[in-house]
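Contents: one structure, followed by commentary.
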There are 2 protein chains.
Amino acid sequence: MASSPINTERRRATITDVAREAGVSAATAGRALGDYGYVREEIRERVRKAAEELGYRPNSLARSMITGRTNTIGVVGADIANPFFASAMRGIGDVARRDGFGTILTNSDEDVALEREAVGLLLQKQVDGIIVSPASSVETGHLADAARNGTPVVLFDRDVAGLTADAVLTDSVDASRTAVGHLLDLGHRRIAIVAELRAARDMEWPNWIGSATAPDVRMLMPSGARLLGYIQAHEAAGVPVDPALIRGTGSYDPATAREQTLEALRLDPPPTAIFTVDNVMTHGAYQACRDMSIRIPEDLSFVAYDDMEWMTFVEPNITALWQPVYDMGTVAAEMLIRRLRSPEVEPVRRLLGTKLIVRGSTMAPR
Amino acid sequence: MASSPINTERRRATITDVAREAGVSAATAGRALGDYGYVREEIRERVRKAAEELGYRPNSLARSMITGRTNTIGVVGADIANPFFASAMRGIGDVARRDGFGTILTNSDEDVALEREAVGLLLQKQVDGIIVSPASSVETGHLADAARNGTPVVLFDRDVAGLTADAVLTDSVDASRTAVGHLLDLGHRRIAIVAELRAARDMEWPNWIGSATAPDVRMLMPSGARLLGYIQAHEAAGVPVDPALIRGTGSYDPATAREQTLEALRLDPPPTAIFTVDNVMTHGAYQACRDMSIRIPEDLSFVAYDDMEWMTFVEPNITALWQPVYDMGTVAAEMLIRRLRSPEVEPVRRLLGTKLIVRGSTMAPR
DNA sequence: TTGAAAGCGCTAACAT
DNA sequence: ATGTTAGCGCTTTCAA
């Protein structure tokens, strides 16, 4: 009997094996090990011992076939390599584990087709629920389907029009208004904004300017919502919005953000301040500033959406809009698990607070 | 019939439903949908249409019960919020998806008990294989068990003594020797090193000094291995090692790294250079330098293990030892999937190359 | 309190 | 090429 370097054959012990070893029926063994039904204490011990000896591990697939629950939650994020999602994922994972759930992770790369595929995969694997950061705020049929067929969905970071589901959000418009308001208060009148504006609807911003009614925020991606806040802050301050200062990249890509920032800096007159709407944009914009040897804040005030550890490493420290990212993750997981336990409660939209951390990168223009 | 806000009842269509709808047997429906066995094209179409109409989704649990394969790989990392693991996870996820696998992610927080629990969970969920970054290089019984019982294990970033398994590694000793050698070449004679040295064995370094035989690297965690490289570089250069310059934190915690760095800076004579062995240590050490208004590189040369994007944001840019983190992830996933397809091949240890990126934070001491 | 039997949804073996 | 049957490992009736 030759032994291969890594044995792949030996059959794993089943509950029937344990039952035989303990001299009881499979049903009883199941009850003893699974904490359901009635078992005499003495028997329970005997079964436990047998299980131990055989190195028995329950097959949760078989269990799930019957119970209809896998104790697994699916997560569809845009990109786990992005610190924003990484941190949120940590929050989700911590809560999930605490409550006995595993987490299946997938990346959508902001692509609706990939997201749909990912959701399909999760449904096939019979996850109990899904936490998703939708790639689009309108193409959400697959999410509605999932929810309708009994797999609850929790929206993460992004709201969606016409889908009644639990959601964990921050008020991007308000936060952005605060951040840009800070710059306006300092006296800035030419503030560049760097944002993806990937979704078609986010590009309709020319219509927002001076219009009495704000667009439905649920139709916007965070990037668009933050631009809306930028516009609202300008209008509240009575400062006209110069469309040339609005730099869209069309994708989550630092290189393009860098280029767009360079474009902005070349304007005449140039901006006296810049606002980047997330950490990817910040990355590219900051690089552009360094490449051009822009002095911050003397030449340009800098405000970033999303606080990152390095923002206190650079000189000057960067003024940033902080979001409770880890908590957004824990709350999302808690909402989902709560719904699994009581499916009937009304869906809730939880809005978590943000905070502008004023540091050295902002000052009055000169 | 009141409709609840989120329907949780409606039974999902099964293959039997599809078969009935298409007027064939369940077996045939399965063949048509699952791409196995023979089906007439005409029938295949009919079944497909029925499946479509009913919104049928295969239940992969049921399939896995029979095939014994879940098309899922488990990942046990220390902390997904750490950019190192986040990036690796992205690599794993990309390859996994490409080859039709899902990924279950768990964090061990460098705790063997948690790791063991995580592995147990993954085994119950019948993952096809596990990628793990072991919390200990000696307490690895649970990993050996998994491998022995037919769930292959790929070691990620950390080798393990006495476990024959595939592994994706970098040569930490060599890389560290290069990094510290760079400082020694510049003329530095007092180089502080900040490392976790959590594992008991990593603390046996006093024995390594001047000993002809190096300890078995497979018994060391990366932190210990990098210290070994530090010592070897010193010995090669004929520079004595001052134990006071070796600062262990005992945990992956930037606050402690900061404190240990402050201690090092207070030494008399102070170090002229510092080497941090991973991004968490770097975080704390860099903070300490900023708090003390240390001028880099005039007062202190700085070399970091692990390149991070912000290292080109700060002034001066930080000299860093780069590792192919994303690729380590893709390679780990590829090795695992290869083994799933051909279990008999001999386990392989893949060593990926690293690179010292010299930037402005290092210069000759003055 | 225990056991026998049925069955979750699917695929594999065996007929035809 | 298709259908019938059995069964993956477990939990849940139902009887005893």
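What number of residues within segment A:304-324 satisfy the criterion of being more than 13 Å from chain B (Cβ to nearest Cβ) and β-branched (Val, Ile, Thr)?
1
Can you name the number of the only condition in (1) in contact (Cβ under 8 Å) with a residue 40 or more places away in the chain; (2) surrounded by 19 or more Cβ atoms within 10 Å (Cβ to Cβ); (3) outside any helix (DSSP H, G or I) that B:Arg69 fails?
(2) is the only condition that B:Arg69 fails.
Specify the residue that is nearest to A:Leu155 (Cα to Cα); the eligible residues are those in segment A:108-139 that are polar (S, T, N, Q), modelled with pLDDT of 95 or more and not in a helix (DSSP H, G or I).
Among them, the one singled out is A:Ser133.
When you check B:Gly141 against the structure, is it of a type in the set (Gly, Ala, Ser), more than 11 Å from chain A (Cβ to nearest Cβ) and over 21 Å from B:Leu227 (Cβ atoms), yes or no?
Judged against the criteria, B:Gly141 is a match.
From B:Ala62, B:Ala50, B:Ala81, grab the single residue that is within 12 Å of chain A (Cβ to nearest Cβ) and part of a helix (DSSP H, G or I).
Answer to the check: B:Ala62.
Which residue out of B:Ala113, B:Ala86, B:Ala135 is at the interface with chain A (Cβ under 10 Å from one of its Cβ atoms) and away from DNA strand C (no atom under 16 Å from the Cβ)?
B:Ala86
In the list A:His182, A:His188, which residue meets the criterion of being within 21 Å of A:Lys355 (Cα to Cα), assigned to a loop (DSSP other than H, G, I, E, B) and at pLDDT 95 or above? Outline the logic, then answer.
Values: A:His182 fails: assigned to a loop (DSSP other than H, G, I, E, B).
Going through A:His182, A:His188 in turn, the sole match is A:His188.
Exactly one of these conditions fails for A:Thr16: (1) crowded, with 16+ Cβ neighbours inside 10 Å; (2) among the β-branched types (Val, Ile, Thr); (3) over 30 Å from B:Trp310 (Cβ atoms). Give me its number.
(1)
Using the structure shown, decide if B:Val95 is modelled with pLDDT of 95 or more and either at the interface with chain A (Cβ under 7 Å from one of its Cβ atoms) or assigned to a helix (DSSP H, G or I) (or both).
Considered against the rule, which asks whether it is modelled with pLDDT of 95 or more and either at the interface with chain A (Cβ under 7 Å from one of its Cβ atoms) or assigned to a helix (DSSP H, G or I) (or both), B:Val95 comes out as yes.
Considering only residues that are under 30 Å from A:Thr272 (Cβ atoms) and within 13 Å of chain B (Cβ to nearest Cβ), which ones fall in segment A:325-358? Steps first, answer last, please.
Of all residues in segment A:325-358, those under 30 Å from A:Thr272 (Cβ atoms) come to A:325, A:353-358.
The one that is under 30 Å from A:Thr272 (Cβ atoms) and within 13 Å of chain B (Cβ to nearest Cβ): A:Val325.
Here is a yes/no grid of residues against (1) modelled with pLDDT of 95 or more; (2) near DNA strand D (Cβ under 7 Å from one of its atoms); (3) away from every other protein chain (no Cβ under 14 Å); (4) buried (at least 16 other Cβ atoms within 10 Å of the Cβ):
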site: B:Arg12; (1), (2), (3), (4): no, no, no, yes
site: B:Tyr36; (1), (2), (3), (4): no, no, yes, no
site: B:Glu41; (1), (2), (3), (4): no, no, yes, no
site: B:Pro58; (1), (2), (3), (4): yes, no, no, yes
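Could you say which residue among A:Arg48, A:Arg69 is within 30 Å of B:Ala96 (Cβ to Cβ), within 16 Å of DNA strand D (Cβ to nearest atom) and over 15 Å from the mean Cα position of the chain (by Cα)? Even if it seems obvious, please write down each step before you answer.
Details: A:Arg48 fails: within 30 Å of B:Ala96 (Cβ to Cβ).
Going through A:Arg48, A:Arg69 in turn, just one is within 30 Å of B:Ala96 (Cβ to Cβ), within 16 Å of DNA strand D (Cβ to nearest atom) and over 15 Å from the mean Cα position of the chain (by Cα): A:Arg69.
Which residue is nearest to A:Ala135 (Cα to Cα), if the candidates are limited to segment A:200-231 and must be in contact (Cβ under 8 Å) with a residue 60 or more places away in the chain and surrounded by 20 or more Cβ atoms within 10 Å (Cβ to Cβ)?
A:Met221
Select from segment B:259-275 the residues that are over 24 Å from the mean Cα position of the chain (by Cα), crowded, with 21+ Cβ neighbours inside 10 Å and closer than 14 Å to B:Ala285 by Cβ and list them in ascending order.
Scanning segment B:259-275 gives B:Gln260, B:Thr261, B:Ala264, B:Pro271, B:Ala273, B:Ile274.
The values are calculated or read from the model by the stated rules, or taken from the named source; none is laboratory data. Note that this is a predicted model, so its numbers are computed, not measured. In this analysis, Cβ positions are derived from the backbone assuming ideal geometry, glycine residues included, and neighbour counts consider all displayed protein chains.
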